[in-house]
1. Check off (1) part of a helix (DSSP H, G or I); (2) over 30 Å from B:Asp88 (Cβ atoms) for B:Ile40 and give me the number that stays unchecked.
2. I'm trying to understand the selection: among the residues of segment A:23-37, which are more than 7 Å from chain B (Cβ to nearest Cβ) and among the hydrophobic types (A, V, I, L, M, F, W, C)?
3. Exactly one condition in (1) modelled with pLDDT under 95; (2) more than 21 Å from A:Ala104 (Cβ to Cβ); (3) of a type in the set (Val, Ile, Thr) is not met by A:Ile70; state its number.
4. Given the conditions (1) in contact with a Phe, Trp or Tyr (Cβ under 9 Å, 6 or more places away or on another chain); (2) farther than 23 Å from A:Arg48 by Cα; (3) touching a residue at least 60 places away in the same chain (Cβ under 8 Å); (4) not in a loop (DSSP other than H, G, I, E, B), report the number of the one that B:Thr20 does not fulfil.
5. Give me a count of the residues in segment A:43-68 that are of a type in the set (Phe, Trp, Tyr) and either under 15 Å from B:Asp51 (Cα atoms) or not in a helix (DSSP H, G or I) (or both).
6. Restricting attention to segment A:75-86, does a residue exist that is out of contact with any helix residue (DSSP H, G or I) (no Cβ under 7 Å at 6 or more places or on another chain) and part of a helix (DSSP H, G or I)?
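The values are calculated or read from the model by the stated rules, or taken from the named source; none is laboratory data. All of these numbers come straight from a predicted model, not from anything done at the bench. For neighbour counting, all protein chains shown are included, and Cβ atoms are generated from backbone atoms with ideal geometry for every residue, glycine included.
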Number of protein chains: 2
Amino acid sequence: MNQLKWSKTEKLAARRAFETAYRRECEAITAKLREMTASIQGSADIWRIHDYLTEKREKTDYKYGYRYSILIPVFARLMKEGWLTEADLDGLQDDKIDKIKSSASL
Amino acid sequence: MNQLKWSKTEKLAARRAFETAYRRECEAITAKLREMTASIQGSADIWRIHDYLTEKREKTDYKYGYRYSILIPVFARLMKEGWLTEADLDGLQDDKIDKIKSSASL
């Protein structure tokens, strides 16, 4: 994986796709957070929100590692989880898109 | 402090006061949380909410220790911070109320 070459254009496209996925996932977290916050009845609900955010922060910190050496599996995971579509990968070379799609479908 | 005697009636009153303070503080946290959640613009705002809850959870876990040996300073702190009023201490003996008020005013 880490032997792939990324052109300047591809790096820009990859960064854009990466940020799109992160923004979408954060929007989903925000929506869930607003839903949970609206229905707080007592202290246990507050700490449940804290637990939820702790888990999401750990997972997203781990998942959104931007290094070219791991970008194919990172994008594959994001595609599998629904945060990226093939259209978001526009600007990458076909071989990379194929690798991402193939890995996402596993 | 830990030589004070707590009658059954006082224990009930103390528990009620303690729970009142905790409920009020949690209501304040909820209000702040809803305000922060409503104004989320991006990911940094989400993690700021997480930081806020982490701090509040640590502080409230520490502050709301229900042991009779430390209840006078606990109540004094809660009164000083505005989570308890003298009226909430109704049911405690005067000597305890005096100790709490005196400590809260320091």
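1. Result: B:Ile40 fails condition (1) only.
2. Narrowing segment A:23-37 to residues more than 7 Å from chain B (Cβ to nearest Cβ): A:23-25, A:27-28, A:31-32, A:35-36.
A:Ala28, A:Ala31, A:Met36 - these are the residues of segment A:23-37 that are more than 7 Å from chain B (Cβ to nearest Cβ) and among the hydrophobic types (A, V, I, L, M, F, W, C).
3. So A:Ile70 meets the others, but not (2).
4. So the condition that B:Thr20 fails would be (2).
5. First pass over segment A:43-68, keeping only residues of a type in the set (Phe, Trp, Tyr): A:47, A:52, A:62, A:64, A:66, A:68.
With the extra rule that they be either under 15 Å from B:Asp51 (Cα atoms) or not in a helix (DSSP H, G or I) (or both), the set shrinks to A:47, A:52, A:64, A:66.
The number of residues fulfilling the criteria is 4.
6. no
Matching residues to (1) surrounded by 15 or more Cβ atoms within 10 Å (Cβ to Cβ); (2) at pLDDT 95 or above; (3) touching a Cys at 6+ places or on another chain (Cβ under 8 Å); (4) away from chain A (no Cβ under 14 Å):
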position	(1), (2), (3), (4)
B:Lys11	no, yes, no, yes
B:Ala21	yes, yes, no, no
B:Ser39	no, yes, no, no
B:Ser43	yes, yes, yes, no
B:Glu58	no, yes, no, no
B:Ala87	no, yes, no, yes
B:Asp94	no, yes, no, yes
